[in-house]
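Q: Okay, handing you the structure first.
The values are calculated or read from the model by the stated rules, or taken from the named source; none is laboratory data. Every value quoted in this text rests on a predicted model; they were computed, and no experiment measured them. A quick note on method: Cβ atoms are made from the backbone with ideal geometry, for glycine too, and the neighbour counts reach across all protein chains shown. The area values use the complete protein model at the heavy-atom level, side chains included, leaving out ligands, DNA and RNA. Shrake-Rupley method; radii C 1.70, N 1.55, O 1.52, S 1.80 Å.
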Amino acid sequence: MPDQKTFLGSFAGTVLTWMSRRRLPKIDGEISVSGLDASVEVFRDRWGIPHIYAQSFRDTLFAQGFTHAQDRLFQMELNRRTAQGTLSEIFGELALDTDRTARTFGFNRLGRADWEKASDELKEGISAYAAGVNAFLEHPKSKLPVEFTLLGFKPQPWQPEDTLAFTRVMMWQLSHAWQGEIIRAEIIEKVGPQHAGELEVHYPGENPISLPKGIEFNALDPDGSTRKASGPFLERGKGSNAWAVSPQRSETGNAVLCNDMHLALSMPSLWYEVHLNGGEDFHVTGVSLPGVPLVLVGHNSHIAWGMTLAFTDAEDLFIEQVDSQNRYLFRDEWRDSEVIEEPISVKGWAEPHLEKVVITRHGPIISDVVSHATQKVAVNSMALRPSPAFDGWLKLNKAKGWDDFVEAMRLIEAPQLNVAYADVGSNISYWVTGVVPVRAKGDGSVPVPGWSGEYEWVGEVPFEEMPHALNPEQGYLVTCNHKIVPDDYPHHLGNIWMNGYRARRLKELIEAREKLTMQDHREFHMDFKCLPGLELVARLEGITDLEPDVQTALELLREWDGVLTPDSVPGTLYQVIRYTLVRNLLEPGLGPELCSRLMGEGFHPLLMHSNEFYGQDTVILLRLLDSPDSWWVQRAGGRDGVIKKSIQQALAWLRDTLGPEPEDWAWGRIHQVNFEHALGLQKPLDQVFNRGPFPIGGDTDTPCQTAMLPADPYDNRAWSPSFRQIVDMGDLSQSVVIVPPGQSGHLASPHYDDLIQPWLQGEYHPMLWTRQQVEEAGKSKLVLQAKPE
């Protein structure tokens, strides 16, 4: 007999799926709508992906807004409410902390400011997109997804500022530095600067650097050879994995660009695949964000681009002295803060919550919303300044070559990204976006006094001197959030990068082959080799007086090849021993909560569930084990003692969790991936809307990165490859992509979860490009007819 929860979940699933089926959007035939200049064709292929054919840029984005609303309206609503700080209107007090944080950081205000500063072309595009969304909302035959019925509300018309506010959330989430400053300060306060220094981040010397020669700029000659050129332009007439390979290193004889962006998985996906064709000057395909027009990552007729987080430091925290009148001290002068009252409506409350946001010259005071209320701390962030960044994405979508690409990079002042590039002219390149400040004093590693004026930002790293490369001599580029430039680079970009093991593994794979096939790239995306796992195993040797079960575990580890497949038993041993060792070494000095933050736990489960220290605990562990006289090692019981204790605790946990027999300890039994829906937090709706769990390989240090949350091991809850693409610049029609879990947000749609298994198995589907391909693979055709005004 099924238990009551299972029965309720099954019953709710049946009812809600039936309701959802009656609300699926119309995807065949014709719909007459106001706001178009001419009719638009929308083909949907067998994966549910829309291919939009219009006669103008404006009509193309109108249709994109319409199709986004057809497939992802509830997700769009959550996106804009997150940005505008209005989740509490529908979820009640549960969402109030999230709304307070959003209002304090000011995504709503930044969205309005960005709209005022946007170019006329961008305004035209976003306005058309909003009109398309609203055309769906206003059409008499449009039906709202079942989530709106469950929550009992209807969406308001879409505004251009909603789009730009949500892009601001994304920019901020992809920017890094301020959380690490608080963590460093807390560690210093807890154990003193000397012992804190042993935990400082040091990039492993054996791991690669993105640009080992610094800025490298080579023009490509007709014979395929390179020559030095002046940059950043060719002569006129002239956080995730990405790599680009030159024609000389590719079996196809063409440049190839690969990207897999590592972000939190959800139901539906953060991404929405779309193919936009608005005539000769606008033809682009890739992934978009529901609620936002254009393509964020993909390719057009001339170039392809991929993105990873750069981890450059463009944020600082300033400790402010604030009096009872909200004046703050700066250089011996009391200045008036800007105080903004943000009323937040809360479902079930008679009166709104009033959030008073205090802003100094350094930025908003965030102490109260990031659990650091003992001091008034303001954040100065390039991601919280008005910016033409979205105009940069518009230029990317329309770029015809390197020069246009460089101009797009100039406009993306935030977030801080590594952007890999390839074009049909056989060039490959790389640029780091995001403005990086020049500091009068200090390196931005800890919060600094805001009142002294000594630590102000006094300039910016010149755009032309930001790290970039064109056609590097080695014939390929790899970017995996790792260290970007050598230590002799003239500007301070930061001091925390991902640890570089993924980059090292990808470099090994690339250099092991003279020429790379398209199949090679597919295999690289699914590579589960864990290099630090092998390094830790080597450090467990030489320990004596071991219990028999510990000896057996070490023998299994010695035979391990370092590959973290879902069925790997040695891989499970490595993971649980590693995690237990880190806790046993650090918690005696830091305590459990601060230890979790050093291991990468973020301050907010929705808005920022990790911080820039994520992944550094493994490097710290290896370094401490090499330093047996370390204060941390001695405090934990000595090197051999803490290792023995940790292995015994790991084995006890595995026996309790997975059973007494080691052959049952497969990694995929405790490392699983879930695709969770926003309403899945409420049981039994988790059984209705969520999908999973599914066993998965890898960890945070494998090229196929499947990361766990520090305080919630060992499932893959932090991030995974949310998108994979491989673009062949010699034949764009041969490019491939995969975006789990599926294209539609409708529970009853066949495309709600149809891409999960292909994604798990390392499969792709074609990025349909030509009209012939689209028509041959098309399963439906909707014509949006322009209604006479």
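Q: So what is the orientation-averaged projected area of the range 177-219, using the convex hull of its C-alpha atoms, in nm²? Can you show the working numbers first?
A: Values: hull surface 19.4 nm².
That works out to 4.9 nm².
Q: Could you state how much accessible area residue 439 has, in square angstrom rounded to the nearest 10, with a 1.4 Å probe and all protein chains kept in place?
A: 30
Q: What's the local net charge at residue 84, with K and R +1, D and E -1, over the other residues with C-beta under 15 Å away? Intermediate values should be presented prior to the final figure.
A: Values: positive: 80, 81, 100, 103, 109, 112, 168; negative: 77, 89, 99, 114, 161, 162, 342, 355.
Net local charge, residue 84 excluded: -1.
Q: Taking all pairs of different Cα atoms in the range 718-762, averaging 1/r and flipping that mean, what Kirkwood radius in angstroms comes out? Mind showing how you got there, number by number?
A: Working: mean 1/r = 0.0850 Å⁻¹.
With all distinct Cα pairs of the range 718-762 included, I get 11.8 Å.
Q: With charges set only on the Cβ (+1 for Lys and Arg, -1 for Asp and Glu), what does the dipole of the range 1-119 come to about its Cα centre, in debye to the nearest 20? Intermediate results must be reported in sequence, preceding the final value.
A: Working: 16 positive and 15 negative charges, 36 e Å.
Computed about the Cα centre, the dipole is about 180 debye.
Q: Shifting gears a bit: Given 374, 736, 620, which one lies farthest toward the positive end of the charge dipole of the chain, if we put +1 on the Cβ of every Lys and Arg and -1 on the Cβ of every Asp and Glu?
A: Going by the Cα projections, it comes out as 736.
Q: For a bin width of 10 Å, list the pair-distance distribution of the chain built from all Cα-Cα distances, rounded to whole %.
A: P(r) for the chain, in whole percents per bin: 3, 13, 23, 26, 21, 11, 3, 0, 0.
Q: Calculate the dipole size of the chain relative to its Cα centre from +1 charges on Lys and Arg beta carbons and -1 charges on Asp and Glu beta carbons; express the result in debye to the nearest 20. Walk me through the numbers before you get to the answer.
A: Values: 72 positive and 107 negative charges, 282 e Å.
Dipole about the Cα centre, nearest 20: 1360 debye.
Q: Ok, one more. Where the only charges are on Cβ atoms (+1 Lys, Arg; -1 Asp, Glu), what is the dipole of the range 378-438 about its Cα centre, to the nearest 20 debye? Show your work: numbers first, answer last.
A: Values: 5 positive and 6 negative charges, 22 e Å.
The dipole magnitude comes to about 100 debye.
Q: Provide the per residue accessible area, probe 1.4 Å, for the range 369-434, rounded to a whole number of square angstrom.
A: 26
Q: What translational diffusion coefficient, to the nearest whole µm²/s, does the range 400-442 have by Stokes-Einstein, given a Kirkwood radius computed over alpha-carbon pairs, a temperature of 4 °C and 1.567 mPa s viscosity? All intermediate terms of the calculation are to be shown ahead of the outcome.
A: Values: Rh = 11.6 Å.
Reported coefficient: 111 µm²/s.
Q: Does the range 287-369 classify as rounded, prolate or oblate by the C-alpha gyration tensor (a ≥ b ≥ c root eigenvalues; a/c under 1.5 gives rounded; else a/b over b/c gives prolate, otherwise oblate)?
A: oblate
Q: Related question: Compute the signed sum of charges (Lys and Arg +1, Asp and Glu -1) over the other residues within less than 14 Å, Cβ to Cβ, of residue 297.
A: On the way: positive: 724; negative: 260, 273.
Local charge sum for residue 297: -1.
Q: Sticking with this structure for a sec: Place +1 on the Cβ of every Lys and Arg and -1 on the Cβ of every Asp and Glu in the range 7-141, take the dipole about the Cα centre, and give the residue among 119, 108, 39 whose Cα lies farthest towards its positive end.
A: Farthest along the dipole direction, towards plus: 108.
Q: Rank 573, 151 by accessible area, highest first, at a 1.4 Å probe radius?
A: Values: 573 5, 151 35 Å².
Largest accessible area first, the list is 151, 573.
Q: Ignoring ligands, DNA and RNA, what percent of the 1.4 Å accessible area of the range 23-153 is carbon and sulfur? List each step's numbers first, then the result.
A: On the way: 2100 of 4510 Å².
Roughly 47 percent of what the probe reaches on the range 23-153 is carbon or sulfur.
Q: Using a 1.4 Å probe on the protein heavy atoms, what percent of the accessible area of the range 323-412 belongs to carbon and sulfur?
A: Details: 1870 of 4270 Å².
Of all accessible area on the range 323-412, carbon and sulfur atoms account for 44 percent.
Q: Here is a further query. Need one number: convex hull volume per residue for the range 499-619, Cα atoms only, in Å³. Present the calculation step by step, with values, prior to reporting the outcome.
A: Working: hull volume 18.6 nm³, N = 121.
Cα convex hull per residue, to the nearest whole number: 153 Å³.
Q: Checking the cross-link filter: which aspartates and glutamates have an alpha carbon closer than 13 Å to that of residue 645, excluding same-chain neighbours under 8 positions apart?
A: The reachable aspartates and glutamates, counting only those whose Cα sits under 13 Å from residue 645, are 545, 547, 549.
Q: Can I ask one more? For the range 26-121, just say rounded, prolate or oblate: build the C-alpha gyration tensor, square-root its eigenvalues into a ≥ b ≥ c, call rounded for a/c under 1.5, and beyond that prolate if a/b exceeds b/c, oblate if not. Let's see the in-between values first.
A: On the way: a/c = 3.23, a/b = 1.70, b/c = 1.90.
Because a/c hits 1.5 or more and a/b fails to exceed b/c, the range 26-121 counts as oblate.
Q: A further question on this structure: Which of rounded, prolate, oblate describes the range 664-789, given a ≥ b ≥ c as roots of the alpha-carbon gyration tensor eigenvalues and a/c under 1.5 marking rounded, otherwise prolate only if a/b is larger than b/c?
A: Numbers: a/c = 2.76, a/b = 1.48, b/c = 1.86.
Judged from the Cα gyration tensor, the range 664-789 comes out oblate (a/c at least 1.5, b/c at or above a/b).
Q: Here's another thing I want to ask about it. Can you give the local net charge around residue 62? Use residues other than it whose beta-carbon is closer than 11 angstrom to its beta-carbon, Lys and Arg +1, Asp and Glu -1.
A: Details: positive: 58; negative: 37, 59, 124.
So the surrounding residues net to -2.
Q: For 539, 168, what's the largest-to-smallest order of accessible area, 1.4 Å probe?
A: 539, 168
Q: Strictly over 19 Å apart at the Cα level, which of 123/787; 26/779; 154/356; 213/507 would you flag in this model?
A: Values: 123/787 23 Å; 26/779 13 Å; 154/356 29 Å; 213/507 16 Å.
Result: 123/787; 154/356 exceed 19 Å.
Q: When the accessible area of the range 454-573 is computed with all protein chains present and a 1.4 Å probe, what percentage of it is carbon and sulfur? All intermediate terms of the calculation are to be shown ahead of the outcome.
A: On the way: 2260 of 4860 Å².
Ligands and nucleic acids excluded, carbon and sulfur reach 47 percent.
Q: Okay, next question. Taking only protein heavy atoms and a 1.4 Å probe, what accessible area per residue, in Å², does the range 40-117 have with all protein chains in place? Please report the intermediate quantities before stating the final value.
A: On the way: 2040 Å² over 78 residues.
Dividing the accessible area of the range 40-117 by its residue count gives 26 Å².
Q: Using helices alone, what [θ] at 222 nm do you get for the chain, with -39,500 (n - 2.57) per DSSP H run of 4 or more residues, divided over all residues and rounded to the nearest 500? Kindly include the intermediate steps, with their values, before the conclusion.
A: On the way: 25 runs with 273 residues, N = 789.
-10500 deg cm²/dmol, from helical runs alone.
Q: Here's a follow-up. Out of the trypsin sites (Lys or Arg not before Pro) in the range 33-68, which ones are loop residues according to DSSP with at most 15 other C-beta atoms within 10 Å? Intermediate results must be reported in sequence, preceding the final value.
A: On the way: sites: 44, 46, 58; in loops: 46.
Hits after loop and neighbour filter: 46.
Q: Leaving ligands, DNA and RNA out of it, work out the accessible area of residue 523 with a 1.4 Å probe and give it in Å² to the nearest 10.
A: 90
Q: Considering the alpha-carbon set of the range 1-73 alone, what are its Rg and its Dmax in angstrom?
A: Final numbers for Rg and Dmax: 17.9, 60 Å.
Q: Would you work out which of 312, 334, 283 lies farthest towards the positive end of the dipole of the range 276-344, given +1 charges on the beta-carbon of Lys and Arg and -1 on that of Asp and Glu, about the Cα centre?
A: Going by the Cα projections, it comes out as 283.
Q: Here's another thing I want to ask about it. What is the spread of the Cα atoms of the range 662-710 along each of their three principal axes, largest first, in whole Å?
A: 33, 25, 18
Q: Now, a different point. Using Cα-only point scatterers and the Debye equation, what is log10 of I(q)/I(0) for the range 353-395 at each q in 0.18, 0.19, 0.22 Å⁻¹, rounded to two decimals?
A: -0.63, -0.67, -0.77
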